[in-house]
């Protein structure tokens, strides 16, 4: 089966149209972390579930319910991600730090992504897909990029930061802070965040969401209430302190002309037509 992966330009145009037409929209990414959580549940890997639960602040007893909600919200999302891009020669492969290939277990996990999705009841047919790295591709320094979408819009950013000065100095952004990894997000941030979303859904044109595995529930609820939301992952950290994953250093790098953007390296430019 062929799974169509939309370019960042196509997706950002869809985001812009959704905002202009007040149409609910969500883009939800799972990546290898989400796939590992799904597979751990499907195979009843209790040790893995406990590790993920401790890091992400998801109670073990809530694990099944939360992944069931992932499926519900993924099925209603406008875009979800597919790892097929890592294996079709139109995008760089999935690496670890220092350009080290991922281990065979992770590679096999990524290759059977659609089987895992279907096993937790995410419908994979007739779905719009994005690149798992869409969050980083959306801030590449050529039009259209996410900064074009942010202009003259009211934004809410859900993340571990109560302010990201590089962003708030240039755009109209409010911040909703959650606790970080290993700080029990479900207990200390989840209920409050859902309530904040429900009380403020009409106050923002666009929601940016960087809140880990539980964040997919925030994105799902935002769309459910009529909002527009994009999963930004570790872009929040990059905008805050320039820290970023080293796995793609050979392909994208900071744009020294604009600290909110990235740019393709010489090696990365060979993929420009496909991203």
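Once the Cβ-Cβ distance of residue 182 and residue 42 is raised to the sixth power relative to R0 = 22 Å, the FRET efficiency obtained is 0.35. Counting neighbouring beta carbons within 10 Å and listing from fewest to most, the residues 182, 251, 240 come out as 182, 240, 251. Here mean projected area of the Cα convex hull in nm² was calculated from the structure, and among (i) 13.6; (ii) 15.0; (iii) 15.9 it sits at label (i). Among 267, 262, 38, 232, the order by Cβ neighbours within 10 angstrom, fewest to most, reads 267, 38, 262, 232.
With the cut-off at 1.5 for a/c, could you classify segment 62-106 from its C-alpha gyration tensor as rounded, prolate or oblate? It comes out oblate by the Cα gyration axes.
Rounded, prolate or oblate, given the Cα gyration tensor of segment 38-169, with a/c below 1.5 counting as rounded?
Prolate, since a/c reaches 1.5 and a/b exceeds b/c.
Ranked for footprinting exposure by Cβ neighbours inside 10 Å, fewest first, 60, 229, 179, 235 give 60, 179, 235, 229. For residue 105 and residue 76, the FRET efficiency from 1/(1 + (r/R0)^6), where r spans their Cβ atoms and R0 equals 35 Å, is about 0.70.
Bear in mind that the values in this text are calculations on the coordinates, not laboratory data. In this text the structure is predicted, and so the values were computed from the model without any measurement. Heads up, the Cβs are rebuilt from the backbone with ideal geometry, glycines too, and the neighbour counts pull from every protein chain shown.
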